[in-house]
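I have placed the structure first, in the form of structure tokens, so that the comments after it can refer back to it.
The values are calculated or read from the model by the stated rules, or taken from the named source; none is laboratory data. Quantities reported herein were computed from a predicted structural model and do not represent experimental measurements. Here the Cβ positions follow ideal geometry from the backbone for every residue, glycine too, while neighbour counts run over all protein chains shown. These area figures cover heavy atoms from the full protein model, side chains too; ligands, DNA and RNA do not enter into them. Shrake-Rupley method; radii C 1.70, N 1.55, O 1.52, S 1.80 Å.
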Amino acid sequence: MLADESMSRHTTWRVGGPADLFIEPADPDDLQRALDMLKAAGVPWMVVGAGSNLLVRDGGIRGAVLHLKYFRQLDIEATGRVTAGGGLPLMTLIRETTACGLAGLEALAGIPGTVGGSVVMNAGAGGQQLADVIESAVLAGPAGAETWTKDQLQFAYRHSALNRDRILISAVMQFRRGDVAELAVAVQQRLSQRRSSQRVGGPNAGSVFKNPPGQSAWKLIEAAGMRGAVIGGAQVAEQHANFIVNGGQAKAQDILELIERIRGKVRVASGIELEPEVRIVGVDPVS
Ligand SMILES: Cc1cc2nc3c(=O)[nH]c(=O)nc-3n(C[C@H](O)[C@H](O)[C@H](O)COP(=O)(O)OP(=O)(O)OC[C@H]3O[C@@H](n4cnc5c(N)ncnc54)[C@H](O)[C@@H]3O)c2cc1C
């Protein structure tokens, strides 16, 4: 357990103040013990995956952050049924399943999240999303372990019913049979597409806003004249207007202000209210 751990070390934006406590449980029993202790002590908690969809405010996180570094198991059955730990990198899941000729998530190659964060966000790309393969999820929470079916998870666009009160320990998925060579090509194509379209020149969290129904967030941002806009150390990427880049010295506050400025400009230009895809957590610094 660490005290005052800087969250800038655990987010892809590389910003964010310290978490009071940073806990990496060894296994599900250890995790449940930690949750019970935190509940008894009245300490709030949250879970962080790869921090690739997360903006932590500069004042940090009051309470405990749980990190599932040791929850990386992967069990692939001949039937295409796969059980993956909540802390397993999504890319490891994709590499291992495609190498076994299992199709279903190959279009997500290059997304830098964990299985847990990707289920919570119903991460997707290229016409595929986590909801396509998930059968059930094993969760830990203040009331103990439970298993939720796909119906209970209520997937929608970049959304699931998993809220801040439960932790995904593992997910059970069903993949389709595919051709190993074709899947390897598909993965490589996705990786090189991402390398060229998402070379944005600095730490980022991918798409900042959800696409409104029938619209592209990046087109709305560009039409509102915000491509390349700068606040402090944060900049709307020149290469992709729905990305905000940390130029090196950005504070979370710079990114937050840029998010609000983009929303305001898009509202005026198009009448559309952009909704952040990134999760914003933590507190402002005490002044
Ligand atoms: C360069 C780049 C490209 C990206 N491209 C895409 C893309 O194409 N498509 C897409 O959908 N996303 C994309 N993303 C966003 C991000 O990678 C995904 O949303 C990813 O699935 C988030 O996973 P994570 O582990 O990083 O979650 P985090 O950012 O750590 O957390 C996200 C949310 O999930 C919760 N959470 C995390 N783990 C758990 C768990 N085990 N149990 C319960 N709750 C949990 C957190 O509390 C938080 O609320 C991109 C990001 C980057 C930086």
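Mean separation of Cα pairs under 8 Å and 6+ residues apart, divided by the residue count of the range 138-208: what relative contact order is that in percent?
For the range 138-208, the relative contact order is 26 percent.
Can you give the charge dipole size of the chain about its Cα centre, rounded to the nearest 20 debye, using +1 on the beta carbon of Lys and Arg and -1 on the beta carbon of Asp and Glu?
760 debye
Hydropathy at least 0.0 by Kyte-Doolittle, axial extent at least 24 angstrom from the Cα trace: which helices of the chain, defined as entire DSSP H runs, fit?
What comes out of the filter, once short or polar helices are dropped, is 252-270.
Along the charge dipole of the chain, pointing to its positive end and built from +1/-1 on Cβ of Lys, Arg, Asp and Glu, which listed residue (GLN32, VAL187, GLN152) has its Cα farthest out?
VAL187
So if I place +1 on the C-beta of Lys and Arg and -1 on the C-beta of Asp and Glu, and nothing else carries charge, what would the dipole magnitude of the range 2-67 be about its Cα centre? I want it in debye, nearest 20.
In total the dipole reaches around 300 debye.
In the range 74-197, what percent of the accessible surface is made up of carbon and sulfur (1.4 Å probe, ligands and nucleic acids excluded)?
That share works out to 51 percent.
Any idea how far apart SER270 and ALA223 come out in nm if each label point goes 7 Å out from Cα toward Cβ?
So the label points at SER270 and ALA223 sit 0.5 nm apart.
Of MET7, MET46, GLN215, whose Cα points farthest to the positive end of the dipole of the chain (charges on the beta-carbon: +1 Lys, Arg; -1 Asp, Glu; origin at the Cα centre)?
Of MET7, MET46, GLN215, it is GLN215.
Could you tell me which residue out of LEU139, VAL286, LEU93 lies farthest along the dipole of the chain toward its positive end? Charges go on the beta carbon: Lys and Arg +1, Asp and Glu -1, centred on the Cα centre.
Projecting each Cα onto the dipole axis, the largest value belongs to VAL286.
May I ask for the net charge around PRO89, where only other residues with Cβ less than 12 Å from the Cβ of PRO89 are counted and Lys, Arg are +1 while Asp, Glu are -1?
+2
Relative contact order of the range 63-171, please, whole-number percent, based on alpha carbon pairs below 8 angstrom and at least 6 residues apart.
That works out to 24 percent.
With springs only between Cα atoms under 10 Å apart, run a GNM on the chain and tell me which of ILE259, ILE244, ILE167 wobbles the most.
Looking only at ILE259, ILE244, ILE167, the biggest GNM fluctuation is shown by ILE259.
Using the Cα centre as the reference, give the magnitude of the dipole from point charges on the C-beta atoms of the range 173-235 (Lys, Arg: +1; Asp, Glu: -1; all else neutral), rounded to the nearest 20 debye.
40 debye
How much of the accessible area of the range 217-281, in percent, comes from carbon and sulfur atoms when a 1.4 Å probe is used?
46 percent
Once every DSSP H run of n ≥ 4 in the chain is given -39500 (n - 2.57) and the sum is divided by its residues, what mean residue ellipticity at 222 nm do you get, rounded to the nearest 500 deg cm²/dmol?
Rounded to the nearest 500, the figure is -8500 deg cm²/dmol.
For the chain, what is the accessible area per residue in Å² when the probe is 1.4 Å?
In whole numbers, the chain has 46 Å² accessible per residue.
Give, as a single signed number, the net charge of other residues whose beta carbon lies under 14 Å from the beta carbon of ASN211, with Lys and Arg counted +1 and Asp and Glu -1.
-1
Give the relative contact order (percent, whole number) for the chain; include only Cα pairs under 8 Å separated by 6+ residues.
20 percent
What does the extension gain come out to for GLU260 and VAL286, with contour length at 0.36 nm per residue minus their alpha carbon separation?
Contour length minus the Cα-Cα distance gives 7.3 nm.
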